[in-house]
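*Asks:* Sharing a structure with you now.
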Amino acid sequence: MDLVEVEEGEVKILVPAASLKDPSAGEVFYNVNMEPSRDIAVCCLKAYRKLRGSELTIAEPLAASGVRGIRYAREVEGVREVLLGDVSPQAVELARRNLELNGLSGVVQVELSEANRLLSARSGPGARLDVVDVDPFGSPASFMESALRALKDGGLLMATATDAPPLCGIYPRVAERRYGARSLNVEYCHELAVRLLLGHVASTAIRLDMAVRPLLSYALQHHFRLCVQVELGASKADECLNQLGALIHCFKCGHRELTPGGARLSEKCPVCGRRIATTSPIWRGRLVDRGFASMVLDELARSRFKNKRLEVRLALLLVEEAEAPPLYYTLDEACRRLRCPQPSLARVVDELRSTGFKAYRTHFHPKGVKTDASTQAFLYTVRRLVKEGAS
């Protein structure tokens with residue numbers, strides 16, 4: 001294996017040279033473009049460690065080069081144990097070399113093991129973990145149950161999904177197979193993808209008498225990332241069940257709505273009367289905890305990461321939209337419907353607020369707006385601003 005040394009965060013690691021051009025080209029997977037995601041994950045763990053107030057035990061069962069787990073051990077204060085696993089002997093060998101390179105052999109263990117098997121071994125009383133990070137190439141769905149079972153009460157589950165085409169409505173049946181809900185190709189597809197992921201995680205947890213509470217959920221560079229706290233108990237699971245529901249969407253007029261689970265769904269749009277599309281179960285609740293996101297932002301602001309500007313900008317938007325209404329609109333789609341030029345995003349947000357609506361920018365789309373205005377009110381606002389600008 002032709003290896004090169006790269007620096008990421010506070011560590012140095014060996015990775016296949018071919019992976020720097022194509023992450024899957026080397027014998028061991030390494031994606032340099034996911035460095036911002038790993039930076040944010042480090043800051044999530046720093047924030048969680050402060051909230052937890054105790055040492056952390058962490059598992060990353062799909063370790064590849066081991067960079068994520070090695071960074072956790074080096075950069076997060078109070079990490080007692082990191083357990084890495086992979087089914088590839090080459091990956092395990094490389095991860096062990098990277099441990100030695102960073103002097104972490106005493107803190108981090110590497111096992112040659114299938115991910116579900118490794119996590120199942122930590123699912124019994126006294127063996128459970130504080131943090132599980134599931135970072136696969138593709139979908140995390142097949143690892144969710146074993147990841148949840150391996151967590152303590154109050155533990156942290158982090159997960160990545162890179163299967164954007166199914167989650168964004170290009171392959172809706174694939175999403176239905178993997179996540180139990182069909183995706184839709186809509187303007188707010190990135191938020192819908194995160195809600196489908198959370199719906200799958202919550203549904204899995206509820207079956208195990210567990211609940212999940214999202215702390216940080218986002219889309220970045222064609223992947224989706226979840227950070228949720230897990231709570232044990234049937235009563236908690238019942239409360240979590242209330243956060244699941246259905247989405248209805250009208251492709252004719254653009255009306256969209258999240259409805260509670262068990263609500264009777266009409267086949268016709270309540271606005272224009274056309275046939276609607278539906279999907280369930282999906283997560284109806286908040287995607288971000290504002291307090292936690294603010295802590296992550298503080299950690300990012302103090303960092304020296306190479307991609308700090310991008311990461312801080314993302315965190316600022318996450319804090320801003322933490323309490324925003326769901327299901328954003330985009331100026332692209334609005335002006336396509338209206339057949340008009342686009343006003344500035346700032347003007348649209350200001351105008352909506354001045355007329356009594358809530359309005360926020362969103363990290364999901366550079367021209368996206370989250371608002372409690374109806375589709376018709378949003379389109380009316382955009383049309384009026386365009387006419388005023390032309391007069």
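*Asks:* Please go through segment 1-51 and give me each residue that is open to solvent by 50 Å² or more (accessible area, probe 1.4 Å) and in a loop (DSSP other than H, G, I, E, B), ordered by number.
*Replies:* Hits for segment 1-51 are Met1, Asp2, Glu10, Lys21, Asp22, Ser24, Ala25, Glu27, Phe29.
So that you can scan it fast, the table gives a plain yes or no per residue for (1) in contact (Cβ under 8 Å) with a residue 40 or more places away in the chain; (2) of a type in the set (Phe, Trp, Tyr):
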position	(1), (2)
Val134	yes, no
Phe137	yes, yes
Leu148	yes, no
Leu157	yes, no
Ala161	yes, no
Ala164	yes, no
Leu167	yes, no
Ala175	no, no
Ser183	yes, no
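*Asks:* Given the criteria touching a residue at least 12 places away in the same chain (Cβ under 8 Å) and among the hydroxyl-bearing types (Ser, Thr, Tyr), does Ser88 qualify?
*Replies:* yes
Quick grid of which residues meet (1) assigned to a helix (DSSP H, G or I); (2) open to solvent by less than 30 Å² (accessible area, probe 1.4 Å); (3) basic (Lys, Arg):
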{"residue": "Leu314", "(1), (2), (3)": "yes, yes, no"}
{"residue": "Val319", "(1), (2), (3)": "yes, yes, no"}
{"residue": "Pro343", "(1), (2), (3)": "no, yes, no"}
{"residue": "Arg347", "(1), (2), (3)": "yes, no, yes"}
{"residue": "Tyr360", "(1), (2), (3)": "no, no, no"}
{"residue": "His365", "(1), (2), (3)": "no, no, no"}
{"residue": "Phe378", "(1), (2), (3)": "yes, yes, no"}
{"residue": "Leu385", "(1), (2), (3)": "yes, yes, no"}
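*Asks:* While we're on this one: Could you look through segment 158-172, keep only residues that are part of a strand (DSSP E or B) and out of contact with any Leu (no Cβ under 6 Å at 6 or more places or on another chain), and pick out the one that is farthest from Val212 (Cα to Cα)?
*Replies:* Among them, the one singled out is Thr160.
*Asks:* Can you find even one residue in segment 94-101 that is under 29 Å from Leu215 (Cβ atoms), under 21 Å from the mean Cα position of the chain (by Cα) and at pLDDT 95 or above? Don't jump to the end; show me each part of the working.
*Replies:* So the first thing to find is which residues in segment 94-101 are under 29 Å from Leu215 (Cβ atoms), and the list is 95, 98-99.
Okay, now just the ones that are also under 21 Å from the mean Cα position of the chain (by Cα), so none.
No: segment 94-101 contains no residue that is under 29 Å from Leu215 (Cβ atoms), under 21 Å from the mean Cα position of the chain (by Cα) and at pLDDT 95 or above.
Residues checked against (1) out of contact with any Gly (no Cβ under 8 Å at 6 or more places or on another chain); (2) within 30 Å of Met34 (Cα to Cα); (3) of a type in the set (Val, Ile, Thr):
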position	(1), (2), (3)
Gly285	yes, yes, no
Ala293	yes, yes, no
Ala301	yes, yes, no
Lys306	yes, yes, no
Thr330	no, yes, yes
Arg337	no, no, no
Thr355	yes, no, yes
Phe364	yes, yes, no
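*Asks:* Could you check how many residues of segment 326-341 are on the phi > 0 side of the Ramachandran plot and assigned to a helix (DSSP H, G or I)?
*Replies:* Initial filter on segment 326-341 (on the phi > 0 side of the Ramachandran plot): 327, 339.
Right, trim to assigned to a helix (DSSP H, G or I) and you get none.
Qualifying residue count for the region: 0.
*Asks:* Something else: Based on what the data block shows, is Gly285 assigned to a loop (DSSP other than H, G, I, E, B), closer than 29 Å to Thr160 by Cβ and of a type outside the set (A, V, I, L, M)?
*Replies:* yes
*Asks:* Between a first residue in segment 362-381 that is farther than 18 Å from His190 by Cα and in contact (Cβ under 8 Å) with a residue 12 or more places away in the chain and a second residue that is among the polar types (S, T, N, Q) and open to solvent by 60 Å² or more (accessible area, probe 1.4 Å), which pairs have beta carbons less than 8 Å apart while being 6 or more apart in sequence or on different chains?
*Replies:* Between residues of segment 362-381 that are farther than 18 Å from His190 by Cα and in contact (Cβ under 8 Å) with a residue 12 or more places away in the chain and residues that are among the polar types (S, T, N, Q) and open to solvent by 60 Å² or more (accessible area, probe 1.4 Å), the close pairs are Thr381/Thr355.
*Asks:* Residues Ser303, Ser374: which one is small (Gly, Ala, Ser) and within 28 Å of Glu8 (Cβ to Cβ)? Let's see the steps before the verdict.
*Replies:* Numbers: Ser374 fails: within 28 Å of Glu8 (Cβ to Cβ).
Only one candidate qualifies: Ser303.
*Asks:* Can you pull out every residue in segment 117-151 that is part of a loop (DSSP other than H, G, I, E, B), small (Gly, Ala, Ser) and buried (at least 21 other Cβ atoms within 10 Å of the Cβ)? Break it down stepwise before answering.
*Replies:* As a first pass, look at segment 117-151 and keep what is part of a loop (DSSP other than H, G, I, E, B): 121-128, 135-140, 150.
Keeping just the survivors that are small (Gly, Ala, Ser) gives 121, 123-124, 126-127, 138-139, 150.
Those that are part of a loop (DSSP other than H, G, I, E, B), small (Gly, Ala, Ser) and buried (at least 21 other Cβ atoms within 10 Å of the Cβ): Ser139, Ala150.
The rows are residues; the columns are (1) farther than 25 Å from Glu299 by Cα; (2) of a type in the set (Phe, Trp, Tyr); (3) surrounded by 24 or more Cβ atoms within 10 Å (Cβ to Cβ).
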position: Val67; (1), (2), (3): no, no, yes
position: Ile70; (1), (2), (3): no, no, yes
position: Val79; (1), (2), (3): no, no, no
position: Gly85; (1), (2), (3): yes, no, yes
position: Pro89; (1), (2), (3): yes, no, no
position: Leu94; (1), (2), (3): yes, no, yes
position: Arg97; (1), (2), (3): yes, no, no
position: Leu101; (1), (2), (3): yes, no, no
position: Val107; (1), (2), (3): no, no, no
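The values are calculated or read from the model by the stated rules, or taken from the named source; none is laboratory data. Please read these numbers as outputs of a predicted model, since none were measured by experiment. Ideal geometry is used to build each Cβ from the backbone, glycine not excepted, and the neighbour counts take in all protein chains shown. For the accessible areas, the whole protein counts, side chains as well, though only heavy atoms, and no ligand, DNA or RNA atoms are used. Shrake-Rupley method; radii C 1.70, N 1.55, O 1.52, S 1.80 Å.
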